[in-house]
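Readers should treat all values here as calculations from the given coordinates under stated rules, not as data from a laboratory. These figures come from a predicted structure and were not determined experimentally. Neighbour counts run over all protein chains shown; Cβ positions are idealised from the backbone, glycine included.
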Amino acid sequence: MNNQKRQWLRAVLLTGALYCAIGIGFGAFAAWSSSQRTAWNVASFVASLVVFAVHIGYEYFGIGNRPLIVAWHASLAVALGSFLLAVSANINSLRVANAKHGLLAIALVVWPLMVGIPAFVVALIAAVALKFIRPRA
């Protein structure tokens, strides 16, 4: 595998793991503090947005990928993060007696699609905007 392939794959895996860690970590903070739940949820969204923007910038400026490839890789990372969150929810549900295991099993497919498709569109728009606003040297 050449260096460029390793770079984008590493970025997708790291970013997906970061999304999962943000979701679990900020979710735990929100559960501990019911009075500040909304603030923790907003902080989680902002942290994920920063990770998303940095990933798009790295793919476009650092690796030098075209906007379509940038959007594909960014949406793969988002989908991976949501898949890992769905896995975490399924594992967590094993501790709960009345959990809806069937619905959580469906989440393994639905969550990545539900966030991956819009992430692709947003990342494509952002990458195309970057191409016009600040072309690569």
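In the range 106-137, what residues are outside any helix (DSSP H, G or I) and touching a helix residue (DSSP H, G or I) at 6+ places or on another chain (Cβ under 9 Å)? Don't jump to the end; show me each part of the working.
Within the range 106-137, the subset outside any helix (DSSP H, G or I) is 134-137.
Answer for the range 106-137, where residues must be outside any helix (DSSP H, G or I) and touching a helix residue (DSSP H, G or I) at 6+ places or on another chain (Cβ under 9 Å): Arg134, Arg136.
Looking at the range 87-105, which of the residues that are of a type in the set (A, V, I, L, M, F, W, C) and part of a helix (DSSP H, G or I) is farthest from the chain's Cα centre (by Cα)? Steps first, answer last, please.
Narrowing the range 87-105 to residues of a type in the set (A, V, I, L, M, F, W, C): 87, 89, 91, 94, 96-97, 99, 103-105.
Pick out the ones that are also part of a helix (DSSP H, G or I) and you get 87, 89, 91, 103-105.
Numbers: Val87: 14, Ala89: 16, Ile91: 20, Leu103: 21, Leu104: 19, Ala105: 19 Å.
Only one residue tops the list, namely Leu103.
Residues of the range 20-43 being under 23 Å from Leu80 (Cα atoms), over 17 Å from the mean Cα position of the chain (by Cα) and exposed (fewer than 15 other Cβ atoms within 10 Å of the Cβ), which ones?
Selection gives Ala28 alone.
Across the range 44-54, what is the total count of residues that are loosely packed, with under 15 Cβ neighbours inside 10 Å and either on the phi > 0 side of the Ramachandran plot or in contact (Cβ under 8 Å) with a residue 60 or more places away in the chain (or both)? So that I can check it myself, show each step before the final result.
The first filter runs over the range 44-54 and keeps only residues loosely packed, with under 15 Cβ neighbours inside 10 Å, leaving 45-46, 49-50, 53-54.
Narrowing further to those that are either on the phi > 0 side of the Ramachandran plot or in contact (Cβ under 8 Å) with a residue 60 or more places away in the chain (or both): 53.
Count: 1.
Output the residue which, of all residues in the range 99-136 that are touching a Phe, Trp or Tyr at 6+ places or on another chain (Cβ under 6 Å) and either aliphatic (A, V, I, L, M) or farther than 11 Å from Val78 by Cβ (or both), is surrounded by the most Cβ atoms within 10 Å (Cβ to Cβ). Outline the logic, then answer.
So the first thing to find is which residues in the range 99-136 are touching a Phe, Trp or Tyr at 6+ places or on another chain (Cβ under 6 Å), and the list is 112, 127, 130.
Those still in the list that are either aliphatic (A, V, I, L, M) or farther than 11 Å from Val78 by Cβ (or both) too: 127, 130.
Numbers: Ala127: 23, Leu130: 18.
So the residue we want is Ala127.
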